[in-house]
1. Select from the stretch 36-71 the residues that are over 19 Å from the mean Cα position of the chain (by Cα) and of a type outside the set (Gly, Ala, Ser) and list them in ascending order.
2. Against the condition open to solvent by less than 20 Å² (accessible area, probe 1.4 Å) and over 30 Å from Val38 (Cβ atoms), how does Leu166 come out, does it pass?
3. Would you confirm whether any residue within the stretch 211-231 is touching a residue at least 12 places away in the same chain (Cβ under 8 Å), touching a helix residue (DSSP H, G or I) at 6+ places or on another chain (Cβ under 6 Å) and polar (S, T, N, Q)?
4. Cβ-Cβ under 9 Å, sequence separation 6+ or interchain: first residue in the stretch 360-375 and assigned to a helix (DSSP H, G or I), partner of a type outside the set (Phe, Trp, Tyr) and open to solvent by 100 Å² or more (accessible area, probe 1.4 Å). Which pairs?
5. Confirm whether Ala102 is in contact with a Gly (Cβ under 8 Å, 6 or more places away or on another chain) and either within 25 Å of Glu167 (Cβ to Cβ) or assigned to a helix (DSSP H, G or I) (or both).
6. For Ala349, all conditions in the list (1) free of Cβ contacts under 8 Å to residues at least 40 places away in the same chain; (2) buried (at least 16 other Cβ atoms within 10 Å of the Cβ); (3) hydrophobic (A, V, I, L, M, F, W, C); (4) part of a loop (DSSP other than H, G, I, E, B) hold save one; what is the number of the exception?
7. Determine whether the stretch 43-57 contains at least one residue that is under 30 Å from Arg2 (Cβ atoms) and not in a loop (DSSP other than H, G, I, E, B).
8. Take the residues in the stretch 100-120 that are of a type in the set (A, V, I, L, M, F, W, C) and under 12 Å from Leu19 (Cα atoms), then tell me which one is most open to solvent (accessible area, probe 1.4 Å).
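The values are calculated or read from the model by the stated rules, or taken from the named source; none is laboratory data. The structure presented is a predicted model; accordingly, all values stated were derived computationally and were not measured. All Cβ positions, even for glycine, are placed from backbone atoms using ideal geometry, and neighbour counts span all protein chains on display. Surface areas here come from the heavy atoms of the whole protein model, side chains and all, with no ligands, DNA or RNA. Shrake-Rupley method; radii C 1.70, N 1.55, O 1.52, S 1.80 Å.
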Amino acid sequence: MRFDLVIVGAGSGGYEAGLYAHRRGMKVALVELSPESVGGNCLNRGCIPSKYMRHGAYLLEKFQKMPSYGILPKGYDLDMKKLREGRDHVVVSIREGFKKFAQQLKIPIFYGRGVIKDERTVYVEGEDIELKTDFILLATGSSTTSLGNLVPDGRYIYDTDQIWNLESFPKRMLIVGGGAVGVEFAYIFKMYGCDVVLVEIKDRLLPSNDIPEESSRYLARKLKRLGVDIRLKTSVESWERKGESLNIKLSDGSEVMVDAVLLGVGRKPNTEGIGLEDVGIKKDQRGFLLVNEYCQTCVENIYACGDITSPLMLAHKSMYEGRVAVSHMLGDRDLKRDERTVPKIIYSAYEIASVGLTEEQAEEMGYEVKVGVVSFVPNPKAMDDGENEGFVRLVVDAENGGILGCHILGPYAGELIHQVVHLMKAGKDVEFLSKSMYAHPSLSEAIGQSAMEVHFGPLTWAKRH
């Protein structure tokens, strides 16, 4: 069977690339491990089911604020079975919709492991067939890792693939890792009534250079207020079973008794066993494929996108890189991979969104920086919604007004950040942003105000006698 493009992996990046290639007139085939894994990790075991549960946690928090709006609730019950049914319904609906849509477009999906046999041949192990093609796009995603003697067993110790199998809420839970995954699940399980201990080996939550320390402080303060026990500069030393519980010894000298442990400590790229060595595709020491700005590997007609290209493992990055790769196959050069303009969004007790550089990163790169910071505290829309905590932080090149980055913590930060993403990609500067119009009342006003703080100078509140 012959195609213009064979895509190995029908997750977010592979599926989006397939649709885009079809739009552009290419004859496309997808290869995926099984019908149940179409949609990849994001859909089946990652961002989609976790955001469903996070929304439930958010509703529980809003429930507590209802009396302020004249609504006096009588209480509620929690039902893990109903939560799972609702969550799984969304996942299955999207997955089956993907498959049906591909069928309607006559994009075949072959099930089994896809292995590169040569530069223009992909062998599908499950169906025992060879697919001939002009181009190959690798979109094989990532998988979970273990940590020391904490080996996931799906009963007491869970990784982020296994946690969806929980049939009831544990009374006590230890979450290892204070990154994006750890803080999201800490919020979810705490709001659903679990006692949560969150340990992070570094000195702050969200210990990434891409996240301002201010965001980490805000989040830690709120999680503590909600009752999450946060242990920084702490790791797990040992553990032992005691009945149906686990006794965990921590490096701070304390011991905690829990019913379940969740490992939120990162993922590894799926680059083994797919024939890379047979065609000479190069990887770095961590297993990520080496690609250029067009997602092209060292083999001219083989491309890669998503989790296998860098540690920035985000579904939308994978989807965009899939389009970059297909565009380049067709001779376009306008789309390029650029991780600086990839929005990074964390969903926990706050939404936390970032794009571009932090102030510290910009200064380290030699920029003279101006920063505009506007709080959501006085924002009328945020006050009406009962969510006026957080800020917009805009980082600007003092020399030419170029927008270097933006960091938002607060209500709907994950939606607001896209305004700045598009401005950065369009090359618009802070003067353009400062002279834009925003509806009132709106959360977006804070973005315009942060631009005015930079371009026109900060407001000064003078005490008058």
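1. Glu36, Leu59, Leu60, Glu61, Lys62, Phe63, Gln64, Lys65, Met66, Pro67, Tyr69, Ile71, listed by residue number.
2. For Leu166, the condition - open to solvent by less than 20 Å² (accessible area, probe 1.4 Å) and over 30 Å from Val38 (Cβ atoms) - is not met.
3. Within the stretch 211-231, not a single residue is touching a residue at least 12 places away in the same chain (Cβ under 8 Å), touching a helix residue (DSSP H, G or I) at 6+ places or on another chain (Cβ under 6 Å) and polar (S, T, N, Q).
4. Glu360/Asn209; Glu360/Glu213; Gln361/Asn209; Ala362/Glu368
5. Against the criterion (in contact with a Gly (Cβ under 8 Å, 6 or more places away or on another chain) and either within 25 Å of Glu167 (Cβ to Cβ) or assigned to a helix (DSSP H, G or I) (or both)), Ala102 qualifies.
6. (1)
7. Yes, the stretch 43-57 contains a residue that is under 30 Å from Arg2 (Cβ atoms) and not in a loop (DSSP other than H, G, I, E, B).
8. Selected residue: Phe101.
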